[in-house]
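S.K.: One structure follows; several queries about it will come next.
Just so it is clear, none of the values below were taken in a lab; they were calculated from the coordinates. From a predicted model like this one, the values you see are computed outputs, not experimental measurements. For neighbour counting, all protein chains shown are included, and Cβ atoms are generated from backbone atoms with ideal geometry for every residue, glycine included.
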Amino acid sequence: LAQYASLDEARQAIESLREAGHLDLQVYSPVPSEELEEAMDIHSSPVGLWALIGGITGCITGLLITAGTSLAYPIVTQGKPIVSIPPFIVVMFELTILLTGIFALMAMLIHARKPAFRLAESYRTSFSVDRWGVFVPSRGSEQSRVETIVREAGAVDVEVEVHR
């Protein structure tokens, strides 16, 4: 676990570690940072896709519910079609909005791994104040190489836990 005093040092450490083949990193930051996301090779969130799937599901469900109800209980009025889209639009719209919101919320919670009932063991309270942290799980001979990389990037503090 390496602690950094600046964003640039943390970004440099992440890039160096990824170049060395360490892709399983946990990064802690006191503020959101696009630079860290780029260094971690995070380009987009899957939440938008889940929201789209929810919206499509809601629209189709609204159509199926209203058309099914109209077919199950037909009311023939002056020869108009029993299944007609215009009166169904309100229900389709409402279910589209409802399921988009529900799917987006659930996707956000799942992909953010929330709710977190306990903090990760590598988390330090200084990461919420003024420090950036990079946690690299490594074993054996990798551990000294990782320690060298994070120290060269300018780590203020490095904690090494020895596993046997």
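S.K.: Rg(Cα) of segment 72-124 divided by 2.2 N^0.38 Å?
M.R.: Numbers: Rg = 22.0 Å, N = 53, 2.2 N^0.38 = 9.9 Å.
The reported ratio for this selection is 2.21.
S.K.: Which values, in whole Å and largest first, are the semi-axes of the equivalent ellipsoid of segment 1-57 obtained as the square root of 5 times each eigenvalue of the Cα gyration tensor?
M.R.: Values for segment 1-57, descending: 29, 13, 9 Å.
S.K.: Based on alpha-carbon positions alone, could you give the equivalent ellipsoid semi-axes of segment 1-140 from the gyration tensor, as √(5λ), descending, whole Å? Each step should come with its number before you reach the end.
M.R.: Details: eigenvalues 531, 38, 30 Å².
Result for segment 1-140: semi-axes of 52, 14, 12 Å.
S.K.: For helix 7-19, report the angle its Cα long axis makes with the longest principal axis of the Cα atoms of the chain; keep it between 0 and 90° and round to the nearest 10°.
M.R.: 90
S.K.: Would you work out the charge dipole size for the chain about its Cα centre, treating the Cβ of every Lys and Arg as +1 and the Cβ of every Asp and Glu as -1, and quote it to the nearest 20 debye? Don't jump to the answer; show the numbers that get you there.
M.R.: Values: 12 positive and 19 negative charges, 192 e Å.
In debye, rounded to 20, the chain gives about 920.
S.K.: Given the options GLN26, GLN12, GLN78, which has the most mean-square fluctuation in a GNM of the chain, springs set between C-alpha atoms less than 10 angstrom apart?
M.R.: Evaluated over the chain, the most mobile residue of the options is GLN78.
S.K.: So, one more: Put +1 on the Cβ of every Lys and Arg and -1 on every Asp and Glu Cβ in the chain; which of THR69, VAL134, THR148 then has its Cα farthest towards the positive end of the dipole?
M.R.: About the Cα centre, the residue reaching furthest to the positive side is THR69.
S.K.: Placing unit charges on C-beta atoms (Lys and Arg positive, Asp and Glu negative, everything else neutral), compute the dipole magnitude of segment 66-141 about its Cα centre in debye, rounded to 20.
M.R.: On the way: 7 positive and 3 negative charges, 70 e Å.
Using only the charged Cβ atoms, the result is roughly 340 debye.
S.K.: Say the dipole of segment 1-63 comes from +1 at the beta carbon of Lys and Arg and -1 at that of Asp and Glu; which of VAL27, ALA5, SER45 then lies farthest toward its positive end?
M.R.: Checking the options against the dipole of segment 1-63, the answer is SER45.
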